[in-house]
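Q: The structure is given below, and queries will be raised subsequently.
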Amino acid sequence: MTGIVVVSHSAALATAAIELAREMAGDVRMVAAAGIPDGFGTDATKIAEAMQEADDGQGVVVLMDLGSAILSSELALEFLDDDLRERVILCAAPFVEGLVAAGVAAAAGASPGEVRRKAETALEPKRADIVGESTDRTVVLESGLHARPAARLVAALQGLNAVVELRNITRGSDWVDGGSVTGVALLGGTKGDEIEVRASGDDAEAAITTVASVLTNNGPTITGTVWQYRRQSASLPQPGPDEQRRLDEARATAAEELRRIRDNAPDEVKEIFTAHLAFLDDIALVRRARVSITVGESAESAWLQATEATAADFARIQDPYLRARAADVRAIGDSVLRALGGVELPAGHDVVIARELNPVEAATFALAGAVLTESAATDHAVMILRARGIPTALNGDPSFLDIPDGATVTVEPGTASVKQ
């Protein structure tokens, strides 16, 4: 059975932690190496003796509380013979939660490596309870994860309510903070490496999607010609004799367009357009429009009022992810209004600069890059652009909207960097 050594500055703390762990793990070999005769501290010789006592030939996992406990444990390894030293694993787990998880795993017959893994992920249940459900994904790097792509990643995560961590599975690295440029760069990722990402919090899923997008789209910068896109306001004609029929036909046309877009979209964003189709048939939204038509509004005016009112309902929600769904409601509003007016979407051109795009525009425009001044990483349009492999910069500087059509710009994917 895997043995466990508990290294602490406090003998009382080590004893109490072991007692707690044994309540759940049973009679697992746990040996304390804690305190010094004069009080608080750690002793490398004492730790080496504990490692020898805890080992039955299968191996030992060592948990430590604070800084010098780590140094003393590393020194203790030098006192061991080569055979035992190879079986000892120093573990970076949280002291109490990690010890409980390690004890349970050891009692179940887990190997030292598996005991260490269980201990080092022991905070996940607490993290999920406090800051929201945790999620994870493994992605394969398209190119090196050096300083510049690390900076792009950190910038792309800014503003998201999520705790993000990464590790390089291929190189066996420890977890690093996704908010640290240095930490991410030190993962030492090269093309083909597997990077595991985990996130927790309200925006956990959006954070995972953002990281996956940046890590698989962190190639060279792109240079292109500016296309300033400004969505035209819908014209609101006077009502005719059969506005309800016009609205139903336009909704059917928009649904056909959305199904076509969904079928051609990358797999990871298809559900966005499935949700759009559900919004299109939402009974409350359609009822709002029909009521307006019965009191004399045109189909255009009725549909615009209904979608704007529904979008406003979403915009008032505190949750940032749900609040961002207001853009989806406005997107289906635009789709139906285009169908009512018989207006086609533009084809797109090179590097678009806009306040924001809606998901339909993001999925259909032919683009080399995008610069969006009022968008966030949680926006579905941003997720779609990145899923399509289109370098996308999020930058709140409104002066970008003044760059003239035809100017040449360079866009760095995943960042808010645009250079004229």
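The values are calculated or read from the model by the stated rules, or taken from the named source; none is laboratory data. This structure is a prediction, so every number in the text was calculated from the model and none was measured. Virtual Cβ from ideal backbone geometry, glycine too; neighbours counted across all protein chains shown.
Q: Out of the residues in the stretch 125-184 that are acidic (Asp, Glu) and modelled with pLDDT of 80 or more, which is farthest from Ala212 (Cα to Cα)?
A: Only one residue tops the list, namely Asp174.
Q: Answer yes if at least one residue in the stretch 298-307 is in a loop (DSSP other than H, G, I, E, B) and more than 30 Å from Gln158 (Cα to Cα), and no otherwise.
A: Yes, the conditions are met somewhere in the stretch 298-307.
Q: From Leu63, Leu90, which residue is within 32 Å of the chain's Cα centre (by Cα) and under 16 Å from Ala11 (Cβ atoms)?
A: Leu63
Q: Could you tell me which of the residues Ala199, Ala212, Ala207 is touching a strand residue (DSSP E or B) at 6+ places or on another chain (Cβ under 8 Å), surrounded by 18 or more Cβ atoms within 10 Å (Cβ to Cβ) and part of a strand (DSSP E or B)?
A: None of the others qualify; the one that does is Ala199.
Q: Whether any residue in the stretch 98-114 is more than 35 Å from the chain's Cα centre (by Cα) and under 28 Å from Glu23 (Cβ atoms) is what I want to check.
A: As a first pass, look at the stretch 98-114 and keep what is more than 35 Å from the chain's Cα centre (by Cα): none.
Among the residues of the stretch 98-114, not one is more than 35 Å from the chain's Cα centre (by Cα) and under 28 Å from Glu23 (Cβ atoms), which makes the answer no.
Q: In addition: If we scan the stretch 205-216, do we find a residue that is without any contact (Cβ under 8 Å) to a residue 60 or more places away in the chain and of a type in the set (S, T, N, Q)?
A: no
Q: Any residue in the stretch 81-100 that is at pLDDT below 90 sitting within a Cβ distance under 7 Å of a residue that is aliphatic (A, V, I, L, M) and assigned to a helix (DSSP H, G or I)? List the pairs, counting only those 6 or more apart or interchain.
A: Listed pairs, sorted by first residue: Ala93/Ala102; Ala93/Ala119.
Per-residue answers, yes or no, for (1) buried (at least 18 other Cβ atoms within 10 Å of the Cβ); (2) assigned to a loop (DSSP other than H, G, I, E, B); (3) at pLDDT 95 or above:
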{"residue": "Ser235", "(1), (2), (3)": "no, yes, no"}
{"residue": "Gly240", "(1), (2), (3)": "no, yes, no"}
{"residue": "Leu247", "(1), (2), (3)": "yes, no, yes"}
{"residue": "Ala255", "(1), (2), (3)": "yes, no, yes"}
{"residue": "Glu268", "(1), (2), (3)": "no, no, no"}
{"residue": "Phe273", "(1), (2), (3)": "yes, no, no"}
{"residue": "Leu285", "(1), (2), (3)": "yes, no, no"}
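Q: Being surrounded by fewer than 20 Cβ atoms within 10 Å (Cβ to Cβ) and part of a helix (DSSP H, G or I) is the filter here; which residues of the stretch 312-329 pass it?
A: Within the stretch 312-329, Ala312, Asp313, Phe314, Ala315, Pro320, Tyr321, Leu322, Arg323, Ala326 qualify.
Q: Out of the stretch 277-309, which residues are basic (Lys, Arg) and closer than 20 Å to Gln238 by Cα?
A: Within the stretch 277-309, Arg288, Arg290 meet the criteria.
Q: In addition: In the stretch 34-55, what count of residues is obtained for those that are of a type in the set (D, E, K, R) and not in a helix (DSSP H, G or I)?
A: 3
Q: Just to check your reading of the model, which residue among Asp313, Asp334 is among the charged types (D, E, K, R) and in contact (Cβ under 8 Å) with a residue 24 or more places away in the chain?
A: Answer to the selection: Asp334.
Q: Tell me yes or no: at least one residue of the stretch 333-356 is part of a helix (DSSP H, G or I) and of a type in the set (S, T, N, Q).
A: Yes, that holds for at least one residue.
Q: Go through the stretch 357-389 and count every residue that is in a loop (DSSP other than H, G, I, E, B) and either free of Cβ contacts under 8 Å to residues at least 40 places away in the same chain or more than 18 Å from the chain's Cα centre (by Cα) (or both).
A: Keep residues of the stretch 357-389 that are in a loop (DSSP other than H, G, I, E, B), which gives 357-358, 365-368, 373-379, 388-389.
After this cut, where a residue has to be either free of Cβ contacts under 8 Å to residues at least 40 places away in the same chain or more than 18 Å from the chain's Cα centre (by Cα) (or both) as well, the list is 357-358, 365-368, 373-375.
The total comes to 9.
Q: While we're on this one: Can you pull out every residue in the stretch 164-186 that is touching a helix residue (DSSP H, G or I) at 6+ places or on another chain (Cβ under 8 Å) and buried (at least 19 other Cβ atoms within 10 Å of the Cβ)?
A: The answer is Val164, Leu166, Val176, Gly178, Val184, Ala185.
Q: Looking at Leu345 and the list (1) more than 21 Å from Ile384 (Cα to Cα); (2) surrounded by fewer than 21 Cβ atoms within 10 Å (Cβ to Cβ), which single condition is not satisfied?
A: Of everything listed in (1) more than 21 Å from Ile384 (Cα to Cα); (2) surrounded by fewer than 21 Cβ atoms within 10 Å (Cβ to Cβ), Leu345 misses just condition (1).
Q: Condition first: touching a residue at least 60 places away in the same chain (Cβ under 8 Å) and touching a Ser or Thr at 6+ places or on another chain (Cβ under 7 Å). Now tell me which residues in the stretch 259-299 satisfy that.
A: Ile261
Q: Looking only at the stretch 305-322, filter to residues that are at pLDDT below 75 and in contact with a helix residue (DSSP H, G or I) (Cβ under 8 Å, 6 or more places away or on another chain); which one of those is nearest to Ala284 (Cα to Cα)?
A: Among those that are at pLDDT below 75 and in contact with a helix residue (DSSP H, G or I) (Cβ under 8 Å, 6 or more places away or on another chain), it is Leu322.
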